[in-house]
Amino acid sequence: MKKILLTIAFLFVFTLTSRADVTPQYLSSVAHFGIGVAQSGKNIKIYEENNLKSKIKAQIIWDEFGNVECKNTKMNCEAREIFLGFAPSNNVALFSVEDETDEWINICYNQRFQLFGWIKKDEYTNYLSWSEFLISYGKRYGLYLFRDVPKEYKILYASPDPKSPSVDSFFLATHISPWLVRGNWILVKVENYDDKQKTGWLRFRSDTGRFFGFANLK
């Protein structure tokens, strides 16, 4: 009986660990989009100003098993509140970016309460614009639309202009491959649930900067 209970406990812990990934699924699941994303190393110090002598607002440490530790702060240390995207088994942790300089990145390190601070760029921590992020990760793993995205944003156009002719539409994409970004538009190839492939320009961002989808992280 004891062995059975231990086995159940192990499976429970393993399940929690294996579900550590964080990817936004709905339009309202991302509080701050900003100008792009910051790829983070596993031990990141967040400063009040872009200066190593300024106050450390928080230190976030994570590992490939999905464990997250927060130091120098009283905030709730939940991956879903901290990261814009988190795939620890693939060594990916992303923050949304408010601003960037040659050596520093101003990030939102808590999506729920929109807390901001500066992190230093290094070999493990760097900045990607939204276009760079969508193309870089999208070509490797594909893109997806949020579950509650309106159907008018599942229309493919002949050019990156809402006044251009619509060439196709889709209901449920099984894979979206990006080719090119122009402003709020992205040229994609869509594999629909019926195995039909469709190509055209997809509007992935509103005029106010709100995204309708994200890049897969693995």
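Scan the stretch 27-51 and report the pairs whose first residue is within 12 Å of N106 (Cβ to Cβ) and whose second residue is assigned to a loop (DSSP other than H, G, I, E, B) and open to solvent by less than 40 Å² (accessible area, probe 1.4 Å), with Cβ atoms within less than 6 Å and a gap of 6+ or a chain change.
Y47/S54; E48/S54
Can you tell me which residues in the stretch 123-159 are among the β-branched types (V, I, T) and in a helix (DSSP H, G or I)?
So the first thing to find is which residues in the stretch 123-159 are among the β-branched types (V, I, T), and the list is 125, 135, 149, 155.
Once the filter is applied, which keeps residues that are among the β-branched types (V, I, T) and in a helix (DSSP H, G or I), the stretch 123-159 yields only I135.
Taking the stretch 204-218, which residues are open to solvent by less than 50 Å² (accessible area, probe 1.4 Å) and at negative phi?
F204, R205, S206, F211, F212, G213, F214, A215, N216, L217
Which numbered condition in (1) farther than 21 Å from L128 by Cβ; (2) of a type in the set (D, E); (3) in contact with a helix residue (DSSP H, G or I) (Cβ under 9 Å, 6 or more places away or on another chain) is the only one that D21 fails?
All conditions are met except number (1).
Out of all the residues in the stretch 187-194, is one or more modelled with pLDDT under 95, among the polar types (S, T, N, Q) and either farther than 27 Å from N106 by Cα or touching a Gly at 6+ places or on another chain (Cβ under 9 Å) (or both)?
Checked against the condition, which is being modelled with pLDDT under 95, among the polar types (S, T, N, Q) and either farther than 27 Å from N106 by Cα or touching a Gly at 6+ places or on another chain (Cβ under 9 Å) (or both), the stretch 187-194 yields at least one hit.
Scan the stretch 136-159 for residues that are under 21 Å from the mean Cα position of the chain (by Cα) and open to solvent by 40 Å² or more (accessible area, probe 1.4 Å) and jot them down.
S136, K139, R140, Y141, R147, D148, P150, Y153, K154
Given the structure, is D195 more than 28 Å from A31 (Cα to Cα), part of a loop (DSSP other than H, G, I, E, B) and open to solvent by 60 Å² or more (accessible area, probe 1.4 Å)?
yes
Just one of the numbered conditions (1) touching an Asp or Glu at 6+ places or on another chain (Cβ under 7 Å); (2) open to solvent by less than 70 Å² (accessible area, probe 1.4 Å); (3) not in a loop (DSSP other than H, G, I, E, B) is not true of L94; which one?
(1)
Being in contact with a Ser or Thr (Cβ under 8 Å, 6 or more places away or on another chain) and open to solvent by less than 40 Å² (accessible area, probe 1.4 Å) is the filter here; which residues of the stretch 40-58 pass it?
Of everything in the stretch 40-58, those that are in contact with a Ser or Thr (Cβ under 8 Å, 6 or more places away or on another chain) and open to solvent by less than 40 Å² (accessible area, probe 1.4 Å) turn out to be S40, G41, I44, Y47, A58.
Residues to consider are F133, F116; find the one that is in contact with a strand residue (DSSP E or B) (Cβ under 8 Å, 6 or more places away or on another chain), more than 16 Å from I44 (Cβ to Cβ) and of a type in the set (F, W, Y).
Just one listed residue meets the conditions, F133.
Identify, from the list A20, A93, A58, the residue that is aliphatic (A, V, I, L, M), within 24 Å of K218 (Cβ to Cβ) and at pLDDT 95 or above.
A93
Considering each residue of the stretch 160-192, count those that are part of a loop (DSSP other than H, G, I, E, B), open to solvent by 40 Å² or more (accessible area, probe 1.4 Å) and small (G, A, S), and give that number.
1
So that you can scan it fast, the table gives a plain yes or no per residue for (1) farther than 19 Å from F133 by Cα; (2) free of Cβ contacts under 8 Å to residues at least 24 places away in the same chain:
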site: A158; (1), (2): yes, no
site: F170; (1), (2): yes, no
site: T174; (1), (2): yes, yes
site: I186; (1), (2): no, no
site: E191; (1), (2): yes, yes
site: G209; (1), (2): no, no
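Please tell me if T73 is open to solvent by 30 Å² or more (accessible area, probe 1.4 Å) and within 25 Å of G209 (Cα to Cα).
Details: open to solvent by 30 Å² or more (accessible area, probe 1.4 Å): yes; within 25 Å of G209 (Cα to Cα): no.
Judged against the criteria, T73 is not a match.
Could you please tell me which pairs satisfy a Cβ distance under 6 Å, a separation of 6+ or placement on different chains, a first residue in the stretch 54-73 that is on the phi < 0 side of the Ramachandran plot, and a second residue that is small (G, A, S) and surrounded by fewer than 17 Cβ atoms within 10 Å (Cβ to Cβ)?
E64/S89
The values are calculated or read from the model by the stated rules, or taken from the named source; none is laboratory data. These numbers were taken from a predicted model, which means no experiment stands behind them. We place every Cβ from the backbone using ideal geometry, glycine too, and count neighbours over all the protein chains shown. These area figures cover heavy atoms from the full protein model, side chains too; ligands, DNA and RNA do not enter into them. Shrake-Rupley method; radii C 1.70, N 1.55, O 1.52, S 1.80 Å.
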